[in-house]
Amino acid sequence: QVQLVESGGGLVQAGGSLRLSCAASGRTFTPYHMGWFRQIPGKEREFVAALSWSGGNTYYAASVKGRFTISRDKAKNTVYLQMNSLKPEDTAVYYCAAEKDTYIYTPSMYDYWGQGTQVTVSS
C-alpha cells in the first residue's frame, strides 16, 4: 500500500557530493521512522541514517557522521540524504525504507522498501 521510490544516485569522484531522494506514496502515510540503508554485493544491508517522521530526530552510522545529512519534507512525503565528502567505501546500492516501530537500525524491522539506487564513488 506504501510505495517508496529512490532517485539521485550516480557516479561521483571522491570528495564530491550527491543528494538522494525518496518519495513515498500511499494512503495515510505515517511512519515512525524513515531510514537509509546501503548494501554491497556479498555483504549484509547496513544502516546509514534515519529520522523520526514526526519529530525529525536524526540518527547516523558512525561511518557517515559529519558527512551525510538526512532530512524530510513532510508536505511532499519525501526524505533526503545529502552525502558530502564521499569516499570509495561509500559505493553501494542505497535503499530507502519506512517502519512503524522503534528499532531504527534493524533492516528486518522496516515495513516498506524502495527499489534502490546505485551510488558509485571513484578515486
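Data overview
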item	result
Criterion (on the phi < 0 side of the Ramachandran plot, in a strand (DSSP E or B) and open to solvent by 30 Å² or more (accessible area, probe 1.4 Å)) met by exactly one of R38, R19	R19
Pick from region 89-123, criterion in contact with a Phe, Trp or Tyr (Cβ under 8 Å, 6 or more places away or on another chain), of a type in the set (G, A, S) and assigned to a strand (DSSP E or B), ranking: nearest to L11 (Cα to Cα)	A97
Any chance T69 is part of a loop (DSSP other than H, G, I, E, B) and of a type in the set (S, T, N, Q)	no
Filter result for L86 (open to solvent by less than 10 Å² (accessible area, probe 1.4 Å), part of a loop (DSSP other than H, G, I, E, B) and either aromatic (F, W, Y) or in contact (Cβ under 8 Å) with a residue 60 or more places away in the chain (or both))	yes
Unique residue being open to solvent by 50 Å² or more (accessible area, probe 1.4 Å) and in contact (Cβ under 8 Å) with a residue 60 or more places away in the chain when the list is Y32, Y94	Y32
Candidate set: region 54-79, residues that are open to solvent by 30 Å² or more (accessible area, probe 1.4 Å) and among the hydroxyl-bearing types (S, T, Y); chosen: the one modelled with the lowest pLDDT	S54
Flag for V48 being within 13 Å of L4 (Cα to Cα), among the β-branched types (V, I, T) and touching a Leu at 6+ places or on another chain (Cβ under 8 Å)	no
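The values are calculated or read from the model by the stated rules, or taken from the named source; none is laboratory data. Keep in mind it's a predicted model, so treat the numbers as computed, not measured. Counting neighbours? That spans all protein chains shown, and the Cβs are built from the backbone with ideal geometry, glycine included. Each accessible area value is taken on the protein alone, full model and side chains, heavy atoms only, with ligands, DNA and RNA left out. Shrake-Rupley method; radii C 1.70, N 1.55, O 1.52, S 1.80 Å.
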